[in-house]
Amino acid sequence: MIVTTSANPSARALEQASRLALELSALLKARGNLTVRKLIAMSSDERLLVVTEQEVRYYDGQSEAPLYFHPSMAFVRVKRLRRGETDPLIQLSGCREGDSIIDCTAGLASDSLVFSYAAGASGSVIAIESEPVLCALVREGLAGYETGLDDVDAAMRRIVMRCVNHLDYLKALPDKSADIVYFDPMFRQPIKESSSMEPLRSIANMDALSSEVVGQAVRVARKSVILKEHQSSGEFARLGFERKHVNTSKIAYGVIQL
């Protein structure tokens, strides 16, 4: 993989690119006048990370659009919470201010952001992502993205990313050491209309959840274990969750109340 910057990068962007290249064992390449396409052609695995002044972008050589951190619908959901409205995930999980949450499949950390805002400054969110490039991309985004709302930005900054296998992480924790454990794996049955997820599929961990990891989550959680999946997914029954459909949405949540 190659890590580069935009043309005429600042000292900050150069430092960030250098740090990411070292972390990801990638080749740091000066951008010069090279296009993204030419840089990808120079990389044997077609992966390219571009540090710009605003964000970090990931190109895989296949998708036309890059993958980058953005709060997307999570920002809409958090703004609803700011207005005193409810969110299905927060309601079903029983999340309250001061709670500790482990998001075992962080992805772009959308649900981590919703949890972080709901749990407040006295709460905590550990967001686990097993794929190093995705973990780094999201971590950098959480640290630098600005929504224009100080309390939402603060909720992003409070999220702690961990690049580790979620089973290994849970096994190392004491019993009842977190309030909520959450899973949002890549759906076994993709929602085709969700085009924003397509760039993520090339880099995300596509493995199904195991019964062992759910058992560890039940051991670790004090309040609830939550699973997000396609509403018609058989994963809820296979893994022992009570399925809760969310209005007319194509997604549903599975709940194990403790």
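Bear in mind these aren't lab numbers, they're just calculated from the coordinates by the rules spelled out. Computed from a prediction, not measured in an experiment: that's the story for all the values here. Glycine gets a Cβ as well: all are built from the backbone with ideal geometry, and neighbour counts include every protein chain shown.
So which of Lys29/Lys171; Lys38/Lys250; Lys79/Lys250; Lys171/Lys228 end up more than 29 Å apart, counting from Cα to Cα? Flagged as over cut-off: Lys29/Lys171; Lys38/Lys250.
Calculated mean residue ellipticity at 222 nm for the chain: -10000 deg cm²/dmol, from DSSP H runs with n ≥ 4 weighted as -39500 (n - 2.57), summed, divided by the residue count and rounded to 500.
Counted by Cβ distance under 12 Å from Arg37, the other residues give a net charge of -1, where Lys and Arg count +1 and Asp and Glu count -1.
By the count of neighbouring beta-carbon atoms within 10 Å, fewest first, Lys176, Lys228 end up ordered Lys176, Lys228.
If you take every DSSP beta bridge whose two residues both sit in the chain, what share of them, in percent to the nearest 5, is antiparallel?
Once the DSSP bridges in the chain are tallied, antiparallel ones form about 45 percent.
Taking Cα centre as origin and charging only the Cβ of basic (Lys, Arg, +1) and acidic (Asp, Glu, -1) residues, the dipole magnitude of segment 73-257 rounds to 400 debye.
Lys and Arg at +1, Asp and Glu at -1: add these up for the other residues within a Cβ distance under 12 Å of Ala17 and post the number. Write down the numbers at each step before the final one.
On the way: positive: Arg12, Arg19, Lys29, Arg31, Arg57; negative: Glu15, Glu23, Glu53, Glu140.
Once positives and negatives cancel, what remains is +1.
Working from Cα pairs under 8 Å separated by at least six residues, relative contact order for the chain is 15 percent. Taking a ≥ b ≥ c as the square roots of the eigenvalues of the Cα gyration tensor, the chain is classed as prolate, since a/c reaches at least 1.5 and a/b is larger than b/c.
Filter the trypsin sites (Lys or Arg not before Pro) in segment 1-95 to those in DSSP coil with at most 13 other Cβ atoms within 10 Å of their Cβ, and list the result. Spell out each step's value before the answer.
Values: sites: Arg12, Arg19, Lys29, Arg31, Arg37, Lys38, Arg47, Arg57, Arg77, Lys79, Arg80, Arg82, Arg83; in loops: Lys29, Arg31, Arg47, Arg83.
Here the trypsin sites (Lys or Arg not before Pro) that fit, given the DSSP loop and packing criteria, are Arg83.
Listed by Cβ neighbour count within 10 Å, with the fewest neighbours leading, Glu23, Glu229 appear as Glu23, Glu229. Checking understanding here: applying a Kyte-Doolittle mean of at least 0.5 and a length along the axis of at least 15 Å (C-alpha), which whole DSSP H helices in the chain pass? What comes out of the filter, once short or polar helices are dropped, is 132-144.
Relative contact order of segment 2-66: 37 percent, from C-alpha pairs under 8 Å at least 6 residues apart in sequence. This ranking places Ser93, Ser25 by how few other beta-carbon atoms lie within 10 Å of each, fewest first, which gives Ser25, Ser93.
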